[in-house]
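Structure record follows, encoded as structure tokens.
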Amino acid sequence: MDLFPPSPGGGEAVAHGYKGKGSLIHLLIEKNGQPLAATTTAANGDERVEVEKLLDKTIELSKNDLTKKMIVLEADRGYDCAWLRQVLLIRGIFPLIPYRKMSSRIVPSIKEVIEIFQIERMRWKVERAFAWIKRRCRRLLMRWERKEKIWAGFVTLGVIYMWVRNLVG
């Protein structure tokens, strides 16, 4: 759910993370791979906190309608934590997040969860969305802006461009 553009110039919201010095772009995408919301943080920021911010940016779906299917949020192991799973379930979203390997707990594998709930994995669509952004918005490959608002504006313009291109053709 995040893309790492390196930032050689520094600036606001730039820090050293495990991938180097830079920023992270966090995306929430829909089932066809189009981005719904985007946020930016420093490279050492907590990715799990950004999930709530991304969900707050999207339209609230009604939880009372039982005829609709449950929304599935798929993420990688970096998003595994109990409080995030509880927040998603309270919002009516099923967390399809693999558990981290810890010797002290016994948890089901992601394959077992998929078989029980009959869910199709679509993590590749997230990676494809990042590839589209890298290819279509070359300005987002490297962060040269020192101000955080300008950087976030370029990320928002990239999301808008992807939607306009999808709608117009």
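Taken together, the values in this text are just the output of simple stated rules run on the coordinates, not laboratory data. This structure is a prediction, so every number in the text was calculated from the model and none was measured. Methodologically, a virtual Cβ is constructed for each residue, glycine included, from the backbone with ideal geometry; neighbour enumeration extends over all protein chains shown.
Computed values, structure above
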read-out: Only one of 10, 33 that is part of a loop (DSSP other than H, G, I, E, B) and in contact with a strand residue (DSSP E or B) (Cβ under 9 Å, 6 or more places away or on another chain); value: 10
read-out: Single match in 33, 10, 22 (criterion: in contact (Cβ under 8 Å) with a residue 60 or more places away in the chain and farther than 27 Å from residue 162 by Cβ); value: 10
read-out: Every residue from segment 125-169 that is of a type in the set (Phe, Trp, Tyr), under 13 Å from residue 36 (Cα atoms) and in contact with a helix residue (DSSP H, G or I) (Cβ under 7 Å, 6 or more places away or on another chain); value: 161
